[in-house]
Amino acid sequence: MGAEPRVGLLWRREWDPPSAEPPKLHGVFAAFAELGVEAEGVVYSDGEVEAVREQLLELDAVLVWVNPIEKGLDRSVLNPLLSEVAQAGVFVSAHPDVIQRMGTKQVLVDTREMSWGTDTRLYPDWEALRTQLPARLREGRPLVLKQMRGMGGQGVWKVELAAHGSVVAQHAAGAAEPETMSLDDFLERCRDYGAVVEQSYQPRLPEGMIRAYLTHDRVVGFAQQYPRGLSRPAWSRSARGSRSSRRTRPSSSRSGAASRTNGFRRCSESSASRPTSSRSSGISTSSTARETASCCARSTCSRRSRSPRWRCPASRRQRSTGYASARVAAMRYRREIEVPTPPGETFAYLADFSTTAEWDPGIAEARRLTPEPTALGSRFELIATFGGNRQRFEYVVTELEDGKRIALHGVGEKALSDDLITVVSTANGTRIGYEADIRLKGVRRIAEPFLRSAFTRMCDDAMDALAARLTR
């Protein structure tokens, strides 16, 4: 199959220093390890660009865990570096050009007409904010202003008009108290924000909000969050004091995996059997059930070196397989070959999926689980090998047009597979069409872009071997 891809996971030194054990991304390292890929840590800081560039250029791909703005740091130095190594052929996810187009408060403007929307305005620049905000404040209601990019309340303000043309403004970051200042002074604080989004302040903020966590198109968990910013002190204490009474139990009886961190009540994917359809008004901007990040992996790793350039051995603990198929496969293969054997003989051989081990180098074992002949619902067990690991798949025949077409769906512990085989008569024998779609489960899906080339090589090797087998 050739050399395994070299994959790096990049994060800021300030976010997770090399001395921390285990690393915050230990679950991602474990997910790669389960797929036979030994991911490499890339610890970044703005003062170590040259060393990080050298390391990145030795990789095939890198996943980047760096927020656009966090703890007073931005990506103004990192983004040019990532663009440079991407230009050199390293796969960068997400590419800085993609980051530039996503992850901003623009979504609040774009979705304001949807069910969770509210009165939302966009100030494209500081001059628009300076000229239009005074009239909005004179309407007499408190507003929330948000800079286009940020997290943790950075650049988020609650502001309302006070006496004599002054304003009362409260920053959402940290435990900031309301401040009274002139409108000009407040606007000056917003000068460097660029575009700003405005929404109405929601007085039910202390009631919290519900967030939905997704992996691709699958809801994998919920969290009830109590934002710390913009709450009046009495409200904030009241909210914290009565949290337990407001928590709702997860929808599944397997709800024991709920946990609370940093103001969140988070439920595991086992307790998130369906997305909620209700609106929550306990958000400072009346948003509800936002799609956010994938749920984190749960494997553990307690060993690492002290060097910024370390590799995580990662746990190989088995995990739940309770993930649904995605609608679009990330690893897809299509190829046709011609063989001299007659169509009927060719189809009979391929429809007996237990023969796969005779021609696919990636299949160590294959056997029937149901009696002959092959029919709708027939099942087969295959033991596949990848990265030195053996993985069991159980395939079932989902479509069958005798002599022409057979489709099978395979379920493994870590992946799902759909295979379609077609047979067409030609002047010199038979044309075989083979289509294979592989989808990794859960958090492992982050590895799909890096495994595509290896998957393609494996499929090519299998098709070459099939052609040789049927040409004897």
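The values are calculated or read from the model by the stated rules, or taken from the named source; none is laboratory data. As the structure is a computational prediction, the values presented were derived from the model and not from experiment. Please note: Cβ atoms are built from the backbone with ideal geometry, for glycine as well, and neighbour counts cover all protein chains shown.
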Please work out which one of (1) within 30 Å of Gly155 (Cα to Cα); (2) out of contact with any strand residue (DSSP E or B) (no Cβ under 8 Å at 6 or more places or on another chain); (3) of a type in the set (Lys, Arg); (4) at pLDDT 85 or above is the condition Arg13 fails and give its number. (2)
Please list, ordered by first then second residue, the pairs with beta carbon atoms under 6 Å, 6 or more apart or interchain, first in segment 452-470 and in contact (Cβ under 8 Å) with a residue 40 or more places away in the chain, second basic (Lys, Arg). Met463/Arg335
Tell me which of these Ala375 doesn't satisfy, since it passes every other one: (1) assigned to a strand (DSSP E or B); (2) exposed (fewer than 13 other Cβ atoms within 10 Å of the Cβ). (1)
Out of (1) hydrophobic (A, V, I, L, M, F, W, C); (2) within 16 Å of Phe91 (Cβ to Cβ); (3) buried (at least 22 other Cβ atoms within 10 Å of the Cβ), what's the single condition that is false for Ala30? (2)
Hey, could you check segment 114-152 for residues that are surrounded by 14 or more Cβ atoms within 10 Å (Cβ to Cβ), assigned to a loop (DSSP other than H, G, I, E, B) and of a type outside the set (Lys, Arg) and say which is modelled with the highest pLDDT? Pro142
State yes or no: is Arg367 loosely packed, with under 15 Cβ neighbours inside 10 Å and part of a strand (DSSP E or B)? yes
Restricted to segment 166-221, and to residues that are over 30 Å from the mean Cα position of the chain (by Cα) and polar (S, T, N, Q), which residue is surrounded by the most Cβ atoms within 10 Å (Cβ to Cβ)? Gln170
Are any residues in segment 414-438 assigned to a strand (DSSP E or B) and either within 31 Å of the chain's Cα centre (by Cα) or basic (Lys, Arg) (or both), and if so, which ones? Ala415, Leu416, Ser417, Asp418, Asp419, Leu420, Arg431, Tyr434, Glu435, Ala436, Asp437, Ile438
For segment 404-413, does any single residue satisfy the condition of being of a type in the set (Lys, Arg), surrounded by 14 or more Cβ atoms within 10 Å (Cβ to Cβ) and assigned to a strand (DSSP E or B)? yes
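So that you can scan it fast, the table gives a plain yes or no per residue for (1) more than 24 Å from Leu122 (Cα to Cα); (2) not in a helix (DSSP H, G or I):
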residue	(1), (2)
Ala173	no, yes
Asp192	no, no
Gln202	no, yes
Phe222	yes, yes
Pro227	no, yes
Just name the residue that is farthest from Arg6 (Cα to Cα) out of those in segment 37-80 that are of a type in the set (D, E, K, R) and under 24 Å from the mean Cα position of the chain (by Cα). Lys71
Is there a residue in segment 83-96 that is touching a Phe, Trp or Tyr at 6+ places or on another chain (Cβ under 6 Å), modelled with pLDDT of 85 or more, part of a strand (DSSP E or B) and among the polar types (S, T, N, Q)? no
With the first residue restricted to segment 54-80 and required to be farther than 15 Å from Ile446 by Cβ, and the second required to be modelled with pLDDT of 90 or more and among the charged types (D, E, K, R), Cβ contacts under 6 Å at 6 or more apart or on different chains are Val66/Arg12; Val77/Asp46
Would you call Met181 of a type in the set (A, V, I, L, M), more than 26 Å from Asn67 (Cα to Cα) and either in contact (Cβ under 8 Å) with a residue 24 or more places away in the chain or outside any loop (DSSP other than H, G, I, E, B) (or both)? yes
May I ask you to list pairs of residues, at least six apart or on different chains, whose Cβ atoms are under 6 Å apart, with the first in segment 35-49 being within 28 Å of Gly412 (Cα to Cα) and the second being assigned to a strand (DSSP E or B) and at pLDDT 90 or above? Val37/Val7; Ala39/Val7; Ala39/Leu9; Glu40/Gly8
Restricting to segment 92-145, count the residues that are within 17 Å of Trp157 (Cβ to Cβ) and aliphatic (A, V, I, L, M). 9
Quick one: would you say Leu416 is surrounded by 14 or more Cβ atoms within 10 Å (Cβ to Cβ), at pLDDT 90 or above and in contact with a His (Cβ under 8 Å, 6 or more places away or on another chain)? yes
Can you name the number of the only condition in (1) surrounded by fewer than 19 Cβ atoms within 10 Å (Cβ to Cβ); (2) assigned to a loop (DSSP other than H, G, I, E, B) that Pro80 fails? (2)
Could you grab me the full set of residues in segment 35-59 that are modelled with pLDDT under 90 and of a type in the set (Asp, Glu)? Glu38
Count of segment 430-445 residues which are in contact with a helix residue (DSSP H, G or I) (Cβ under 8 Å, 6 or more places away or on another chain) and surrounded by fewer than 20 Cβ atoms within 10 Å (Cβ to Cβ): 1
